[in-house]
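Undergrad: Here you go, one structure.
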Amino acid sequence: MKFLIVDDSKIARKRLNSYLNELNYVVLGEAIDGLDAIDKFKSLKPSYITLDLEMPKLNGIDTAKKLFEIDPNVKIILITSILDKKEIINAYRIGIKKVITKPFSIEKLKESIEEIKG
């Protein structure tokens, strides 16, 4: 399983990278915002993405919509610190497979990945 990590926080990207490596997943790259994510997605072609909701330039929902236009089969885990039911419902409606809230444990990340494997 190959991942692209998308988060504007360097600390969050480092933690996710560490968790994914510890779980024996391959991290192909990291992106710092939605526009960077789209560029890296096209070149790296990951099958899984961890995507922060709140980012500059392009938020997680709008980024996900554009990623699904490129590859409708990509599996996205949206990561957020905001528990807005409307945003979460919208995330699932557009095709995001899983939403997890910050802070989260390596066990929660592993469980979320297991749920969306296909």
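Undergrad: Determine whether segment 56-63 contains at least one residue that is surrounded by fewer than 14 Cβ atoms within 10 Å (Cβ to Cβ), of a type in the set (Val, Ile, Thr) and under 26 Å from Ser18 (Cβ atoms).
TA: no
Undergrad: Here is a further query. So, of the residues in segment 84-109 that are touching a strand residue (DSSP E or B) at 6+ places or on another chain (Cβ under 8 Å) and among the small types (Gly, Ala, Ser), which turns out to be surrounded by the fewest Cβ atoms within 10 Å (Cβ to Cβ)?
TA: First, the residues of segment 84-109 that are touching a strand residue (DSSP E or B) at 6+ places or on another chain (Cβ under 8 Å): 87-88, 91-92, 95-102, 104, 108-109.
Adding the requirement that they be among the small types (Gly, Ala, Ser) leaves 91, 95.
Numbers: Ala91: 22, Gly95: 15.
By that ranking, first place goes to Gly95.
Undergrad: Exactly one condition in (1) more than 13 Å from the chain's Cα centre (by Cα); (2) in contact (Cβ under 8 Å) with a residue 24 or more places away in the chain; (3) under 15 Å from Ser112 (Cβ atoms) is false for Ile88; which is it?
TA: (2)
Undergrad: Has segment 107-117 got any residue that is outside any helix (DSSP H, G or I), under 12 Å from the mean Cα position of the chain (by Cα) and at negative phi?
TA: No, every residue in segment 107-117 fails to be outside any helix (DSSP H, G or I), under 12 Å from the mean Cα position of the chain (by Cα) and at negative phi.
Undergrad: Can I ask one more? Any idea how many residues of segment 1-19 are of a type in the set (A, V, I, L, M, F, W, C) and over 12 Å from the mean Cα position of the chain (by Cα)? Steps first, please.
TA: To start, the set of residues in segment 1-19 that are of a type in the set (A, V, I, L, M, F, W, C) comprises 1, 3-6, 11-12, 16.
Narrowing the set further to residues that are over 12 Å from the mean Cα position of the chain (by Cα) leaves 1, 11.
Residues meeting the conditions: 2.
Undergrad: Give me the pairs, please: first residue somewhere in segment 94-118 and without any contact (Cβ under 8 Å) to a residue 60 or more places away in the chain, second residue anywhere and part of a loop (DSSP other than H, G, I, E, B) and among the hydroxyl-bearing types (Ser, Thr, Tyr), beta-carbon distance under 7 Å, and either six or more positions apart or on two chains.
TA: Pairs found: Thr101/Ser81.
Undergrad: Can you name the condition, by its number, that Lys57 falls short on among (1) on the phi < 0 side of the Ramachandran plot; (2) touching a helix residue (DSSP H, G or I) at 6+ places or on another chain (Cβ under 8 Å)?
TA: (1)
Undergrad: Moving on to the next point. Here are Ser47, Ser112, Ser81: which of them is crowded, with 17+ Cβ neighbours inside 10 Å and among the polar types (S, T, N, Q)?
TA: Just a single option satisfies the conditions, and that option is Ser112.
Undergrad: Kindly provide the set of residues from segment 20-35 that are closer than 18 Å to Met1 by Cβ and not acidic (Asp, Glu), ordered by number.
TA: In the first step, residues of segment 20-35 are kept if they are closer than 18 Å to Met1 by Cβ; the result is 20-31.
Of everything in segment 20-35, those that are closer than 18 Å to Met1 by Cβ and not acidic (Asp, Glu) turn out to be Leu20, Asn21, Leu23, Asn24, Tyr25, Val26, Val27, Leu28, Gly29, Ala31.
Undergrad: If you check Lys98, Lys40, Lys57, Lys85, which single one turns out to be among the basic types (Lys, Arg) and farther than 18 Å from Ala12 by Cβ? Spell out how you get there, then give the answer.
TA: Details: Lys98 fails: farther than 18 Å from Ala12 by Cβ; Lys40 fails: farther than 18 Å from Ala12 by Cβ; Lys57 fails: farther than 18 Å from Ala12 by Cβ.
Going through Lys98, Lys40, Lys57, Lys85 in turn, just one is among the basic types (Lys, Arg) and farther than 18 Å from Ala12 by Cβ: Lys85.
Undergrad: If you don't mind, another one. Anything in segment 1-58 that is modelled with pLDDT under 95 and of a type in the set (Lys, Arg)? List them, or say none.
TA: Listed by number, the list holds a single entry, Lys57.
Undergrad: On the given criteria, is Lys66 part of a loop (DSSP other than H, G, I, E, B), over 18 Å from Leu16 (Cα atoms), in contact with a helix residue (DSSP H, G or I) (Cβ under 6 Å, 6 or more places away or on another chain) and of a type in the set (Lys, Arg)? Talk me through it step by step, then tell me what you get.
TA: Working: part of a loop (DSSP other than H, G, I, E, B): no; over 18 Å from Leu16 (Cα atoms): yes; in contact with a helix residue (DSSP H, G or I) (Cβ under 6 Å, 6 or more places away or on another chain): yes; of a type in the set (Lys, Arg): yes.
No; evaluated as a whole, the condition is false for this residue.
The values are calculated or read from the model by the stated rules, or taken from the named source; none is laboratory data. Owing to the predicted nature of the structure, the values given are computational and were not obtained by experimental measurement. No Cβ is skipped: glycine too gets one built from the backbone with ideal geometry, and neighbour counts run over all protein chains shown.
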